[in-house]
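Rule-based calculations on the coordinates, nothing more; no lab input. Note that the structure is a prediction, hence the values are computed from the model and not measured. Here the Cβ positions follow ideal geometry from the backbone for every residue, glycine too, while neighbour counts run over all protein chains shown.
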Amino acid sequence: MGLTLQQGIIIFSPEILKGEKLQALIKDITPDYLTIYIPFNNLEIKANTALTVLFWDEKANYEFKSMSLTTKKITEQVLNIMRPSTITRSINRAYPRVVLNCTGEIYDPENINRNKCVILDISASGAMIATKADRKVTELVKLSFILPDGEIFEDVKGQIMWMKLSGEGEGHFNYGVQFQALSEIRKNKIIKFVNSELRKLKK
């Protein structure tokens, strides 16, 4: 797994964050360090602070240990951290997934700010979507969509776990959405659909 520009990450440090995880974004990559953007102005991070960095992609979750190389003052939003020598794949997929292409909507938990999206793949644990909506990693959202087998899913709660620019260029995003509190009925419907599609691929 390689780190990429504009990749959403989460940083964690018991020393400064006291159990909280902080959203950030990779802005530059060099052989020795990563420059990350932290969209908060009320936090100071001193040089040589130990950090744990978490990030996600379409296949798995990842983690690496790092250290701040510069000091981020309260009025600044940019920090340089040590580039990792090793990255650990921390969580494997719990459910199989299939590629598909069906339209849907992404919107806030309060049912506002609705935007069109395309479901690119799906499993019982989450989905990869494409949309022009500008969302943030860790943000809570809802999805509505209809699977190709006709099953309707409305107001599916989820959390954005990773983000990257899509191949269509600036203003187009791919997001990994992890489903939250999905009922057993809905989960089993997705599992049934995925298994059916996988059987078709084996014929």
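What does the charge count near PRO109 come to, summing +1 for each Lys or Arg and -1 for each Asp or Glu among other residues with Cβ under 15 Å from its Cβ? Don't skip to the answer; put the middle values down first.
On the way: positive: ARG114, ARG135, LYS136, LYS142, LYS157; negative: GLU105, ASP108, GLU110, GLU139, GLU154, ASP155.
Surrounding charge for PRO109 is -1.
Among the listed pairs LYS72/LYS136; LYS73/LYS132; LYS27/LYS73, those whose Cα-Cα separation exceeds 29 Å are LYS73/LYS132.
Relative to the Cα centre, the charge distribution of the chain, modelled as +1 at Lys and Arg Cβ and -1 at Asp and Glu Cβ, gives a dipole magnitude of about 620 debye. The relative contact order of the chain comes to 15 percent, based on Cα pairs under 8 Å that sit 6 or more residues apart. The angle separating the long axis of helix 184-202 from the principal Cα axis of greatest extent in the chain is about 80 degrees.
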